[in-house]
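Working notes for the structure below.
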C-alpha cells in the first residue's frame, strides 16, 4: 500500500523523538567527567591530572610515572593520585549519580502527577530525609560512624515519607490531587517536627543546615558505590516505564482503556522514584531544582516522549550537578561550597522562565 | 443459536451505586457482534456509568458485565484493551505528541515489554489516520489540532487498538454540527467495513436515530426503551423520559424518524424545569369553538397546544397559524390510537386545559376521555355551554363526561376573559426564568 509517508517537514519543536540526543548528552557527560578532575580545591596542573586519570584507567599501563614534572607533595605521587582519583573523581561520580537520580525522579513525578512543576521533593521526601539526618546529629548517634549512619537515617526518613504517599496511592481515594496534598501536608508536619527537634539542640542546627544545603564533600568510593548501585537499579527500572508514562498523560482512565494498569503503574513509579531520590539525597543532602529543571531541558531539545525524557533527564541531571560543582570551583577557587546553593542559583531563574514563558506546545502544558 | 462470543457485550442485572445514588438499576443488555447501538437518555440517566462498567473502570454492586463471553473484571487490563476500545467525550493530553505517535498509543496492549513499535504498527497507524482523513496531519501535534481533528485522532487510535468492540461516550458533544455528522458517518462506515461492534452514548436523539441500528434509552438508571430507532422514538417517550414536547417527523429521504423539540413538559420528569414563556395551555375544541381561546391565550403570552382536531377544522387552522403543537386526525375518522397517544402527550405537558364548547360526536369523544384522565392533576377550565344548543351527538356519553369533569373539580368559566382571569388566579404558570 506504500503507506510510508515520512513525517512532514516543519514539525514543531517538542514533537517527535530525537533519540540521538541521548547519545550526544551521554558523550558530553563523559567528557565532563573526564575533564572535571582538573578542578579542585588543591592546585594540580591539568596535564598531570589527565596523566593520572589515564594511568589509573589503563591500570598503570600508560604513563608509568604520571607525576613526572609536577610539583609533588610530601606524600609523593601516591598522594597526588589519591587527590585526583579518590577524592575528586569519587566526588564527581557522586555528583553525576545524584544528579541523574534526581533528574529521572523529577521526570517520573512530573509524568505521574501530570504537572510540570512536580519535583522529587514533592512527596515530602526532602523533609523526611532531613528529619532522619537531624535525628543522627541531634541525638549524637554513633559519632564515629556518622559517615554511614547519617545517610542511612536520611534514607530511612526519606523512604518512610515516600511510603506514606504510597499507601495513599494504593487506596481507593488515591487520586493525583490527594497524593499532592498528602505530600504537602506531610512536608509541613515533618518540618514542624524538625524545628522542634532543633529548638532543643541548637548545636545541631548548623550541621543540619549544611545537610539542607546539599554538599558533595567528605566522601569516598563506598558511599559512591551504594548510591550508584541503588540509583542505577531503580533508575534503570524507571526508564523502562517511558511508554506507560506517555499513556498516563492522557489521564488514568484513557491509559487504562489502552491497556495500562494505571493504579499499579503509578504505585510502582512512585516507589521507584522515592527510592531513587532517597538514595540520592541520603549522601548529599537536599539539592534543589535539578529534578525540576532537567526533564524540561530534555523536552526542549528532544521532544516530550517519556521514553526519551526519562533517560535524558538522568543525563542532564548528572551533567547539571557536575557543572554546578565545576562552576563553584571556578567562581570560588580553593573552596567547595555547598552545591545546593549553586543549583538553586542556576535553577531558580530557569524555574521563573518556565512559569512565565509563552505556553508553547513544546513542553508540558500548564498544570 | 448464538454462542457466547457472538455477544460482544452482555450486562446481567447490573446495579451500580455511588453512595446513596443508584446510577444503574438492574440493567440487562445484550449487544450482538457488529451492531451499532446508540445509548441515550437524559443527563444523569446512567449512560456513562454503563460504559464505564463495560470498560471495567468500576465494579458493579450486583450483576455481571461480559465482554465476548468473559467477565470483564476477570480479564487483565491489557486483555480488556484488546477487546474493547474507548473514545471518551473529551481528552486533555498533558504532553504534546505527533498525531502519529498519539495513534500509536493504541498499539500498547499488543506490544510486549520494552518492545518498540514496528513498521507494521506505524503503517497501521497511518492507515487509521487516513481512514479518519488525517493522514496529512500525521506530524502535527495533538495540542495544535482542532477539537474535531482530535476526536478523529482518538477514533484512529481506537482503530489501531483492533478491539472488536468500541465504546464511545458522547464523542460529538464538543463538535459543531458539521463535525458531528462527519464523525458519526465515519464511525458508521468503519463499523460496517470492519464488522466492529459500536456502542455510543449520544444525547442527541436525532443523531442517534440516524446513525444507529438500535437505540437503548436509559432513564434514571433503568432501561426504559430498546429497539430500532423508528420503533423507539415517539412523542410519548420524549415527554415521559426527557420531559419535552416534540413533533415526531420522518426524514422523507432516509425514512429515519426525527424530532422537533418544542417546549418542556411541566414539571419535567427529571430535574427542575425552566420556562421561557407561560404555559403551555391545551385547548380542546373543534368546529371553530376553540379558536377564540387559542387567540386570546396566545396573545396573553401563553404557549398553546390544541387537539385532537380533524384535518380541515377551522380551529386547526387557527392553532397552526399560532404555531401551536396539535394532534390531528384525518377528516371524519374516529380519533385513532396514534393521535390519541399524541393528544395524551400534549395534555400531560399542559399546565392547564381549556375545554371549549365544541360539538361532540363519537369520532371526537376521546378528547373528553383523555381530559378526564388528567382530572385532579392539571387545572381544567370547562367553558359554559349556551343553553338550547344541541352539542352532544353521542347519546349522552359526552354530557356524562362533562358532568364528571365538573364534579371532579373542573372549573366552569364563561368566555375568554374568565379563562384568562382563572389562569391568572391559579398559580398554574411555573416561575419564568
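Can you tell me which residue within the stretch B:116-127, out of those that are over 36 Å from the mean Cα position of the chain (by Cα) and facing another protein chain (nearest Cβ under 7 Å), is surrounded by the most Cβ atoms within 10 Å (Cβ to Cβ)? Before the answer, list the steps.
Of all residues in the stretch B:116-127, those over 36 Å from the mean Cα position of the chain (by Cα) come to B:116-124, B:126.
Then keep just the ones that are facing another protein chain (nearest Cβ under 7 Å); that gives B:123, B:126.
Values: B:123: 15, B:126: 22.
Looking at residues that are over 36 Å from the mean Cα position of the chain (by Cα) and facing another protein chain (nearest Cβ under 7 Å), I get B:126.
Does the stretch B:172-179 contain any residue that is facing another protein chain (nearest Cβ under 10 Å), within 23 Å of the chain's Cα centre (by Cα) and touching a residue at least 24 places away in the same chain (Cβ under 8 Å)?
No, because not a single residue in the stretch B:172-179 is facing another protein chain (nearest Cβ under 10 Å), within 23 Å of the chain's Cα centre (by Cα) and touching a residue at least 24 places away in the same chain (Cβ under 8 Å).
Go through (1) under 19 Å from the mean Cα position of the chain (by Cα); (2) at pLDDT 85 or above one by one and return the number of the condition residue A:129 breaks.
Single failed check for residue A:129: (2).
Residue check: is residue A:89 in a helix (DSSP H, G or I), surrounded by 18 or more Cβ atoms within 10 Å (Cβ to Cβ) and within 14 Å of another protein chain (Cβ to nearest Cβ)?
No.
Does the stretch B:102-115 hold any residues that are touching a helix residue (DSSP H, G or I) at 6+ places or on another chain (Cβ under 9 Å) and either surrounded by 15 or more Cβ atoms within 10 Å (Cβ to Cβ) or more than 7 Å from every other protein chain (Cβ to nearest Cβ) (or both), and which are they?
Of everything in the stretch B:102-115, those that are touching a helix residue (DSSP H, G or I) at 6+ places or on another chain (Cβ under 9 Å) and either surrounded by 15 or more Cβ atoms within 10 Å (Cβ to Cβ) or more than 7 Å from every other protein chain (Cβ to nearest Cβ) (or both) turn out to be B:102, B:103, B:104, B:105, B:106, B:107, B:108, B:109, B:110, B:111.
Of the residues that make up the stretch B:27-44, is at least one within 14 Å of chain A (Cβ to nearest Cβ) and out of contact with any strand residue (DSSP E or B) (no Cβ under 7 Å at 6 or more places or on another chain)? Spell out how you get there, then give the answer.
First, pick out the residues of the stretch B:27-44 that are within 14 Å of chain A (Cβ to nearest Cβ): none.
No: the stretch B:27-44 contains no residue that is within 14 Å of chain A (Cβ to nearest Cβ) and out of contact with any strand residue (DSSP E or B) (no Cβ under 7 Å at 6 or more places or on another chain).
What single numbered condition from (1) outside any strand (DSSP E or B); (2) touching a helix residue (DSSP H, G or I) at 6+ places or on another chain (Cβ under 8 Å); (3) more than 23 Å from residue B:421 (Cβ to Cβ) fails to hold for residue B:327?
(1)
With respect to the numbered conditions (1) surrounded by fewer than 17 Cβ atoms within 10 Å (Cβ to Cβ); (2) part of a strand (DSSP E or B), which one is the sole condition not fulfilled by residue B:193?
Of the numbered conditions (1) surrounded by fewer than 17 Cβ atoms within 10 Å (Cβ to Cβ); (2) part of a strand (DSSP E or B), the odd one out for residue B:193 is (2).
May I ask you to list the residues in the stretch B:356-371 that are closer than 24 Å to residue B:423 by Cβ and in contact with a helix residue (DSSP H, G or I) (Cβ under 6 Å, 6 or more places away or on another chain)?
Of everything in the stretch B:356-371, those that are closer than 24 Å to residue B:423 by Cβ and in contact with a helix residue (DSSP H, G or I) (Cβ under 6 Å, 6 or more places away or on another chain) turn out to be B:356, B:360, B:368, B:370.
So if I check each of A:250, A:237, A:245, which one is free of Cβ contacts under 8 Å to residues at least 60 places away in the same chain, over 19 Å from residue A:212 (Cβ atoms) and more than 16 Å from the chain's Cα centre (by Cα)? First the steps, then the outcome.
On the way: A:237 fails: more than 16 Å from the chain's Cα centre (by Cα); A:245 fails: free of Cβ contacts under 8 Å to residues at least 60 places away in the same chain.
Of the residues listed, the single one that is free of Cβ contacts under 8 Å to residues at least 60 places away in the same chain, over 19 Å from residue A:212 (Cβ atoms) and more than 16 Å from the chain's Cα centre (by Cα) is A:250.
Taking the conditions exactly as written (surrounded by fewer than 18 Cβ atoms within 10 Å (Cβ to Cβ), within 14 Å of chain A (Cβ to nearest Cβ), without any contact (Cβ under 8 Å) to a residue 40 or more places away in the chain and within 30 Å of residue B:241 (Cα to Cα)), does residue B:59 satisfy them or not?
Spelling it out, residue B:59 is indeed surrounded by fewer than 18 Cβ atoms within 10 Å (Cβ to Cβ), within 14 Å of chain A (Cβ to nearest Cβ), without any contact (Cβ under 8 Å) to a residue 40 or more places away in the chain and within 30 Å of residue B:241 (Cα to Cα).
Condition check ((1) modelled with pLDDT under 70; (2) assigned to a helix (DSSP H, G or I); (3) buried (at least 21 other Cβ atoms within 10 Å of the Cβ); (4) more than 14 Å from chain B (Cβ to nearest Cβ)) across all residues:
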position: A:319; (1), (2), (3), (4): no, yes, yes, yes
position: A:335; (1), (2), (3), (4): no, no, no, yes
position: A:359; (1), (2), (3), (4): yes, no, no, no
position: A:364; (1), (2), (3), (4): yes, no, yes, no
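Would you point out which residue out of A:15, A:22 is away from every other protein chain (no Cβ under 14 Å), under 26 Å from residue A:296 (Cβ atoms) and either in a loop (DSSP other than H, G, I, E, B) or modelled with pLDDT of 80 or more (or both)?
None of the others qualify; the one that does is A:22.
Which of the residues belonging to the stretch B:133-163 are assigned to a helix (DSSP H, G or I), touching a residue at least 24 places away in the same chain (Cβ under 8 Å), facing another protein chain (nearest Cβ under 10 Å) and over 21 Å from residue B:110 (Cβ atoms)?
Selection gives B:137 alone.
All but one of (1) at the interface with chain A (Cβ under 9 Å from one of its Cβ atoms); (2) in contact (Cβ under 8 Å) with a residue 60 or more places away in the chain; (3) closer than 19 Å to residue B:162 by Cβ hold for residue B:130; which doesn't?
(2)
For residue A:9, indicate whether it is modelled with pLDDT under 85, over 30 Å from the mean Cα position of the chain (by Cα), over 30 Å from residue A:125 (Cβ atoms) and away from chain B (no Cβ under 14 Å).
No.
Results for (1) in contact with a strand residue (DSSP E or B) (Cβ under 7 Å, 6 or more places away or on another chain); (2) at pLDDT below 90; (3) surrounded by fewer than 24 Cβ atoms within 10 Å (Cβ to Cβ); (4) away from chain B (no Cβ under 12 Å), shown as yes or no for each residue.
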position: A:230; (1), (2), (3), (4): no, yes, yes, yes
position: A:235; (1), (2), (3), (4): no, no, no, yes
position: A:239; (1), (2), (3), (4): no, no, yes, no
position: A:252; (1), (2), (3), (4): no, yes, yes, no
position: A:261; (1), (2), (3), (4): no, no, yes, no
position: A:270; (1), (2), (3), (4): no, yes, no, yes
position: A:274; (1), (2), (3), (4): no, yes, no, yes
position: A:285; (1), (2), (3), (4): no, yes, no, yes
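Looking at (1) at pLDDT 90 or above; (2) closer than 25 Å to residue B:184 by Cβ; (3) within 11 Å of chain A (Cβ to nearest Cβ), find the lone condition where residue B:78 falls short.
Just one mismatch for residue B:78, condition (2).
Test residue A:74 against the criterion of being surrounded by fewer than 12 Cβ atoms within 10 Å (Cβ to Cβ), modelled with pLDDT under 85 and assigned to a loop (DSSP other than H, G, I, E, B), and give yes or no.
yes
Which ones in the stretch B:86-101 are within 9 Å of chain A (Cβ to nearest Cβ) and either out of contact with any strand residue (DSSP E or B) (no Cβ under 9 Å at 6 or more places or on another chain) or surrounded by fewer than 16 Cβ atoms within 10 Å (Cβ to Cβ) (or both)?
B:91, B:92, B:93, B:94, B:95, B:100, B:101, listed by residue number.
Consider residue A:212 carefully, then state whether it is part of a helix (DSSP H, G or I) and either modelled with pLDDT of 90 or more or facing chain B (nearest Cβ under 10 Å) (or both).
no
The values are calculated or read from the model by the stated rules, or taken from the named source; none is laboratory data. The structure presented is a predicted model; accordingly, all values stated were derived computationally and were not measured. Quick reminder, even Gly has a Cβ in these numbers, built from the backbone with ideal geometry, and neighbours come from all protein chains shown.
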